[in-house]
């Protein structure tokens, strides 16, 4: 089961990279065509905007699993174990509630806009709102599993802190996460670099 989950999130990372590259091509290519050749890509603005929304939501799913969301943890880190568990449970319940609302709203908007066609691309606008469904289906199980593990006492004090104050993660955690990636997946290993003064 964990292998399937790893493969799923590896696919999400590939999609994020593809969306980023496609956005660069569409936006930069449109600028070059517009100013250099008095032409342009008709659907560039619309499709790149949709790609940006999908990129944001997919990235949030990945960050949720890898505990990569930024926040202020200075208070939580000073609490005793029961305080950390209480804050963890409260935050996960609030996130479950917010994600459920987002999922329900996205489902309703997807149904409403199923037959609405975007002006430039001709795609169904339901595709735009569908990212909320993907986000909900992917994130709600992460939150439920995390909540269960916290209530069952499977998480230590360090794992009960769900945010980090800077983008620089723990090198050991990054190495462990990427070394455990599925077979055949590209492995990224962060290696600390130290400088020495020559005598």
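The values are calculated or read from the model by the stated rules, or taken from the named source; none is laboratory data. Note that the structure is predicted; figures quoted are calculated from it, not measured. Cβ sites come from the backbone with ideal geometry, for glycine too, and all protein chains shown count toward neighbours.
Data for the structure
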quantity	calculated
Selection within segment 28-45 - surrounded by fewer than 17 Cβ atoms within 10 Å (Cβ to Cβ) and assigned to a helix (DSSP H, G or I)	28, 29, 31, 32, 33, 34, 35, 36, 37, 45
Condition broken by residue 85, with the remaining ones in (1) surrounded by 13 or more Cβ atoms within 10 Å (Cβ to Cβ); (2) more than 30 Å from residue 26 (Cα to Cα); (3) under 18 Å from the mean Cα position of the chain (by Cα) satisfied	(3)
Given (1) more than 25 Å from residue 139 (Cα to Cα); (2) at pLDDT 85 or above, index of the condition residue 46 fails	(2)
Options 52, 103; residue that is in contact with a helix residue (DSSP H, G or I) (Cβ under 6 Å, 6 or more places away or on another chain) and either outside any helix (DSSP H, G or I) or surrounded by 12 or more Cβ atoms within 10 Å (Cβ to Cβ) (or both)	103
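This table checks each residue for (1) within 22 Å of residue 13 (Cα to Cα); (2) modelled with pLDDT of 85 or more.
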{"residue": "103", "(1), (2)": "yes, yes"}
{"residue": "130", "(1), (2)": "yes, yes"}
{"residue": "142", "(1), (2)": "yes, yes"}
{"residue": "157", "(1), (2)": "no, no"}
{"residue": "165", "(1), (2)": "no, no"}
{"residue": "173", "(1), (2)": "yes, no"}
{"residue": "186", "(1), (2)": "yes, no"}
{"residue": "198", "(1), (2)": "no, no"}
